[in-house]
Amino acid sequence: MLKRPAFIISEIGQSIFNKFLKNKHNVNEISLQHKNIYVLPSKLGMKFLLIALLNFVMGINYQNNLILAMAYLMVVILVFSILTGYKNMRGLSVKYLFVINSYAPKSPYARYQLQSTSSSQQVKLMISGSESETISLDNSDKKTIEIALNCTKRGVYGLEKAKIISHFPFGLVSVWSYIQPSDVIYVYPTPKSAENLDIELHEELNDAGDNAQSRTGSDEFYQLTPFIKGSALNKVSWKHYAKTQQLLSKEFTSDTTQELALNFNMLSGNTEYRLSQLCSLVNQLTEQQIAFSLTLPKKKISKASGDVHQTACLKALAEH
């Protein structure tokens, strides 16, 4: 398939631009200095400069010193904006903190910390068309800033280059730099639950040899655990429910050897629907502090519980 000329030109331009940057922005923290700050007139500045040029031509043609003085003054203002804008950004430190992962179709957020050795005014971040709020910092001031990332579909993404930009003082110049952290973004599946999903899953767990171990030991009472929708009603502690109105299941010593497993192949529907249901179950079991394992076609996560285990499972679902 032939590429369109415009696409080829865009690729060449991006390649030249990346070579010009020489990977000096591929860091998790950057301090803006002379070597990594770029300054150009903004769109408003270009119009301002054009008017100054027209004034200069008119002043020459009509030999009008007042118009010439106005043209010179406009150029002086533009030069002053360039110097002031550069000084405003110099000494600003930008540090990447972390990404707040999300569930599709919500956008994840990247969080940065900004600190300035002097005063920095009207600074913001831009990533792929998304903009953060504009902030100003005083001497040695620290502020955190969040920016929405353009990732709404389930999957794993690389963190794109962030542009640090300011149009201070008059909006006539653009002073900017870049920071390219080395991190990945996870967009988890949309949690979806069905009324009979838990029942079907637990029936499979009790019947299937691959996902449930055979009961061993005596049927002695072991502990009370939060009731899981779909569990056998003959295990409910009805006396406890009558006193506290809280559903709890009685767990026996023979139940403690049983493994609660979530298996992709047990569910029905297309890939995204299965992942969404597994995502809902992972969150539900973690909230109830129940240990479980997760089996996907190309990956298996051993039985565990807690927030770390939940994050590992959600990342595996996003990667699938």
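The values are calculated or read from the model by the stated rules, or taken from the named source; none is laboratory data. Given the structure is predicted, the values throughout are model-derived calculations rather than measurements. Note that we place each Cβ from the backbone using ideal geometry, even for glycine, and neighbour counts take in every protein chain shown.
Which count do you get for residues in the range 266-320 that are among the hydrophobic types (A, V, I, L, M, F, W, C) and in a helix (DSSP H, G or I)?
Within the range 266-320, the first condition is being among the hydrophobic types (A, V, I, L, M, F, W, C), and the residues that meet it are 266-267, 275, 278-279, 281-282, 285, 290-292, 294, 296, 301, 304, 308, 312-314, 316-318.
Cutting the leftovers down to in a helix (DSSP H, G or I) gives us 266, 275, 278-279, 281-282, 285, 308, 312-314, 316-318.
Qualifying residue count, the range 266-320: 14.
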All but one of (1) at pLDDT 95 or above; (2) among the β-branched types (Val, Ile, Thr); (3) within 30 Å of Glu146 (Cα to Cα) hold for Val27, so report the exception by its number. (1)
The range 305-317 residues that are over 15 Å from Thr190 (Cα atoms), paired with ones that are basic (Lys, Arg) and surrounded by 15 or more Cβ atoms within 10 Å (Cβ to Cβ) (beta carbon under 6 Å, 6 or more apart): none
Identify, please: which residue in the range 264-283 is surrounded by 13 or more Cβ atoms within 10 Å (Cβ to Cβ) and either basic (Lys, Arg) or modelled with pLDDT under 90 (or both) and is, among those, nearest to Gly155 (Cα to Cα)? Arg274
Can you tell which of Leu159, Leu233, Leu205, Leu149 is surrounded by 18 or more Cβ atoms within 10 Å (Cβ to Cβ) and at pLDDT below 80? Leu205
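Taking the condition free of Cβ contacts under 8 Å to residues at least 60 places away in the same chain and outside any strand (DSSP E or B), does Ile51 pass?
Working: free of Cβ contacts under 8 Å to residues at least 60 places away in the same chain: yes; outside any strand (DSSP E or B): yes.
Against the criterion (free of Cβ contacts under 8 Å to residues at least 60 places away in the same chain and outside any strand (DSSP E or B)), Ile51 qualifies.
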